[in-house]
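Each value in this text was obtained by applying a stated rule to the coordinates, not by laboratory testing. Just so it is clear, the model here is predicted, and its values are computed rather than measured. Backbone-built Cβ (ideal geometry, glycine too); neighbour counts: all protein chains shown.
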């Protein structure tokens with residue numbers, strides 16, 4: 001395929017995304033996190049901003065891993081000085097721990113609301129606000145209609161939302177751009193040293209609209225993601241892409 | 001400026017209040033009683049009972065002998081001051097400064113107020129009509145000092161208005177008790193045949209001082225205005241306030257919105273001239289015969305934007321009950337702050353450079369749910385994990401020290417949870433631990449990190465923290481509470497989850 005056709009194809013893909021309501025997702029010049037190899041799974045090879053992601057942890061360990069992954073991802077989204085809003089029922093994130101992931105806790109505004117309804121209200125208001133870049137929300141039951149409302153809100157404002165769905169509740173399908181599951185994997189220490197090393201996660205992108213789901217093992221080392229190995233699925237996609 | 005004060009004496013405060021609550025009791029003698037030394041003594045009597053010679057202090061049995069079938073109810077003495085306070089709030093429509101005295105008297109600082117009601121007489125009749133409408137019998141007087149006004153309500157003609165600076169002239173024919181003196185002193189005057197204040201003041205001052213003490217002269221001076229009495233308003237006056245009276249009682253929300261809009265416009269014009277912004281604002285509506293209704297909003301930073309404050313109020317309009325119509329509005333700004341542009345320095349360069357919109361959003365959330373729901377954290381210089389951070393006082397406060405560069409779990413349990421461990425060697429990490437019925441086999445560990453209690457804050461035992469990783473690669477923060485001692489086994493706890 002010639003370079004020209006590839007360009008036309010890319011343009012068409014972007015147009016389709018834009019028509020589908022993902023205006024901010026494909027816009028150039030928007031700050032977005034660089035997730036290395038995972039980028040290949042996203043539509044257009046760009047992390048979807050201006051959309052709502054959901055994270056589906058199933059145990060407290062996975063909640064912690066999801067929070068760590070988000071803390072590592074968010075500075076790429078909001079910049080070194082940007083603010084993150086974090087809505088929760090009762091704050092369990094330990095502020096001093098966020099610094100090691102590059103997100104100083106003084107850049108996070110926590111909103112603690114006990115009632116789920118209030119949390120959803122606050123989330124929608126925040127997603128609607130044009131000066132909010134990223135919102136993380138611990139949510140329980142969310143209806144499909146509610147998630148459509150979030151999607152419409154971010155389409156207008158360009159904010160990015162992350163729904164951290166609590167392990168205890170039943171999970172109905174939502175209108176979100178992507179579903180993630182982050183679980184901890186054995187940490188890594190160079191040279192076989194004893195002790196607990198750099199945190200490692202298995203990142204499963206179980207659903208991504210217009211993208212290609214996949215799974216990756218990665219480590220948070222020296223303030224960046226280090227990939228362990230490319231899993232078969234992604235390697236195949238990667239090869240395909242190269243071949244194209 | 002010539003001061004003037006109105007004294008309102010609620011002669012039958014408690015019984016009037018009872019009748020307002022139970023209108024059926026209106027036209028019969030009524031007394032309130034409370035037990036004193038094992039017998040029921042009358043503490044308040046209504047006007048009808050009073051006219052038949054019943055007054056406070058007589059026992060119920062005696063009163064029943066005078067009026068058979070006298071109705072008596074239990075008194076609630078502690079409530080009188082509360083009622084009076086509420087009436088003081090009601091009086092705020094006549095003047096911004098109202099003060100309480102005892103359990104049955106209100107003073108209004110009427111300086112510069114009465115012309116709004118067409119002069120002193122009109123002012124007093126407006127007050128009387130307002131209380132008549134509710135059902136309180138009052139005695140009123142107006143004078144240049146609170147003391148003189150008090151004397152006129154008790155011993156003068158009702159609704160007396162003392163001419164400016166001539167309050168002593170009207171006081172002269174009154175008995176000495178009108179000066180609010182000690183009862184003993186009053187009894188002595190009576191014995192000496194000093195029946196009026198006029199007779200008393202004919203005695204030279206040095207003689208009065210020598211024979212009756214400084215207290216008497218102080219009271220005389222307070223009534224004449226030679227000495228200024230201390231004045232404690234029920235509601236401390238607010239520096240920034242705007243009032244708006246309506247011709248007809250406002251019953252619709254649209255009318256309230258117009259009133260708020262008008263008041264805010266005036267207020268913000270005044271504040272911006274002084275370079276101030278609103279941090280807290282209270283919007284009050286005075287209803288006829290009802291308690292005033294008010295809504296209060298707060299902002300996270302000084303605001304001069306009318307729309308923004310208006311929207312904060314708008315969120316609380318559902319709490320305003322308009323029945324039976326609002327007669328006048330009051331907008332107060334108890335907290336202001338100079339508008340500075342220092343925030344820009346901190347917020348600039350961030351994705352949230354347009355901080356106004358975010359600050360407004362935060363204000364809306366905190367007004368809806370309470371400011372304590374919103375928090376930002378800054379490092380605190382403590383090693384104890386629960387104390388290693390503190391709440392920032394504002395959204396723009398900067399940290400004074402860096403976040404500690406130590407390994408900490410991203411999810412910290414509010415209360416450490418007890419776990420069962422198997423630790424064969426003291427001072428070594430455990431081999432496995434059991435939490436909520438699940439056994440975690442530990443493959444690698446870091447530690448111990450001993451964290452001592454900060455004895456100047458709290459006594460207690462030290463914790464030895466271990467970062468452990470189980471077979472599945474899940475990382476935990478465990479600690480042992482205290483040291484190994486012969487014969488005792490310290491407890492182990494799970495305190496957090498690492499990412």
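Assuming R0 = 35 Å, can you tell me the calculated FRET efficiency for the pair residue B:203 and residue B:158, based on Cβ-Cβ distance, to the nearest 0.05?
Efficiency at R0 = 35 Å is approximately 0.70.
Taking a ≥ b ≥ c as the square roots of the Cα gyration tensor eigenvalues, with a/c under 1.5 meaning rounded and otherwise prolate when a/b beats b/c, else oblate, which class fits chain A? Don't skip to the answer; put the middle values down first.
On the way: a/c = 1.65, a/b = 1.08, b/c = 1.53.
The shape class here is oblate.
Averaged over its residues, how many other protein chain Cβ atoms are within 10 Å of peptide A:87-96's Cβ atoms?
Values: counts 2, 0, 0, 1, 4, 7, 5, 15, 14, 14.
For peptide A:87-96, the averaged partner shielding equals 6.
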Values of log10 I(q)/I(0), in the order q = 0.05, 0.09, 0.10 Å⁻¹, for the protein assembly as shown under a Debye, Cα-only, solvent-free model: -0.45, -0.93, -1.02
Contact order normalised by residue count of chain B, Cα under 8 Å, 6+ apart, percent: 9
Segment B:1-76 and segment B:370-405: distance between their alpha carbon centers, rounded to Å: 58
Acute angle (nearest 10 degrees) that the helix B:146-155 long axis makes with the longest principal axis of chain B, alpha-carbon atoms: 50
Length added when fully stretched, residue B:125-residue B:296, from 0.36 nm per residue minus Cα-Cα: 58.3 nm
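Taking Cα pairs under 8 Å and at least six residues apart, what relative contact order does chain A come out at, in percent?
Relative contact order of chain A: 21 percent.
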Nitroxide proxy distance, nm - points 7 Å out along Cα→Cβ at residue A:16 and residue A:171: 2.7
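As a test of the formula, what do you get for chain A when each DSSP H run with n ≥ 4 contributes -39,500 (n - 2.57) and the sum is divided by the residue count, at 222 nm and rounded to the nearest 500 deg cm²/dmol? List each step's numbers first, then the result.
Details: 7 runs with 83 residues, N = 244.
Calculated at 222 nm, the ellipticity per residue is -10500 deg cm²/dmol.
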Virtual paramagnetic centre 7 Å along Cα→Cβ of residue B:210, amide N under 18 Å, in segment B:189-204: B:200-204
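Report the full-extension gain for the segment residue B:382 to residue B:76: residue separation times 0.36 nm, less the Cα-Cα distance, to one decimal in nm.
Working: separation 306, 0.36 × 306 = 110.16 nm, distance 5.19 nm.
Length gained, residue B:382 through residue B:76: 105.0 nm.
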Sites residue A:90 and residue A:224, calculated FRET efficiency, Cβ-Cβ separation with R0 30 Å, nearest 0.05: 0.40
Relative contact order [Cα under 8 Å, 6+ residues apart], segment B:76-166, whole percent: 17
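Do the sum for chain B: with -39,500 (n - 2.57) for every DSSP H run of n ≥ 4, divided by all residues, what is the mean residue ellipticity at 222 nm, to the nearest 500 deg cm²/dmol?
Working: 15 runs with 149 residues, N = 499.
Computed ellipticity for chain B at 222 nm equals -8500 deg cm²/dmol.
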Along each principal axis, Cα extent of segment B:101-226, largest first, Å: 47, 28, 21
